[in-house]
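K.L.:
Structure incoming, see below.
All of the numbers you see were taken from the coordinates with simple rules; none came from a lab. All values derive from a computational prediction rather than experimental measurement. All Cβ positions, even for glycine, are placed from backbone atoms using ideal geometry, and neighbour counts span all protein chains on display.
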Ligand SMILES: [Zn+2]
């Protein structure tokens, strides 16, 4: 029943990571081997040449405090000092996000060189992307499976007849709902469904069952869209 044509195991991923589609899966990371001495394994500060002790979170050089260029091999979780887990502590994420934004703020780096100001702007944009991706349960799920080399086809049509019937029913209910109260009631149901499928995603992800993980993502996508329809009507 379930479509799994876009599924790849992580073993496959390791073997095939040079392929173009994998690059797409990871939002086309450019491996910056050639840029300013940054390599996939070891990081040298472009300014003072110091080696980074920690290969992650290398936004600042510990030795000379200069801002480093974006390193795409640092994933969004690492940016916030988090492990690759579906459950995230939102307060913790928020706190670290604010810390980074403070450190990368244009006012704070204005006295630095043009090059560093550019690095800071790029890092800041990436921190924002990372924060947005990780705070939303659906985009966090999509990002997590992408890190495992599993592609999510966001344009995929529904083929599961059970889900198709449910989505049509839902659409009808939203169309016919009159007044804020009726719409809010549907929203409450949608939130429950989102919670349910978000938990079911987590189970599937922990068990490396990417078929089920994708099925949960599909469900969450439709409920989220339905919720957006309601927000438009409200
Ligand atoms: Zn340095």
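K.L.:
Test of understanding: extend the Cα→C-beta vector of residue 225 to 7 Å, then name every residue of the range 172-202 with backbone N under 17 Å from that spot.
P.N.:
Counting only backbone N, you get 172-175, 190-191, 194.
K.L.:
At a threshold of 8 angstrom on Cα-Cα distance, excluding pairs fewer than six apart, so keeping six or more, what relative contact order does the range 161-233 reach in percent?
P.N.:
Over the range 161-233, the number comes to 36 percent.
K.L.:
Measuring from label point to label point, each 7 Å out along Cα→Cβ, what is the residue 63 to residue 51 span in nm?
P.N.:
Label-label distance for residue 63 and residue 51, simple model: 1.1 nm.
K.L.:
Output the peptides 86-93, 131-138 sorted from most to least packed, where packing is the average of other Cβ atoms within 10 Å over each peptide's residues. Intermediate values should be presented prior to the final figure.
P.N.:
Details: 86-93: 12.6, 131-138: 17.4.
My ranking of the peptides, most packed first, is 131-138, 86-93.
K.L.:
For a protection proxy built on the mean count of beta-carbon atoms within 10 angstrom, sort 105-111, 203-209, 43-49 highest first, please.
P.N.:
43-49, 203-209, 105-111
K.L.:
Hey, another quick one. Strictly greater than 13 Å: what percent of every Cα pair in the range 145-202 meets that?
P.N.:
When all Cα pairs of the range 145-202 are counted, 74 percent exceed 13 Å.
K.L.:
Want the number for residue 105 to residue 196: 0.36 nm per residue separation, take away the alpha-carbon distance, what's left?
P.N.:
My answer for the length gained is 28.9 nm.
K.L.:
Put a dot 7 Å past each Cα toward the Cβ at residue 207 and residue 113; how far apart are the dots in nm?
P.N.:
Result: 5.4 nm between the two label points.
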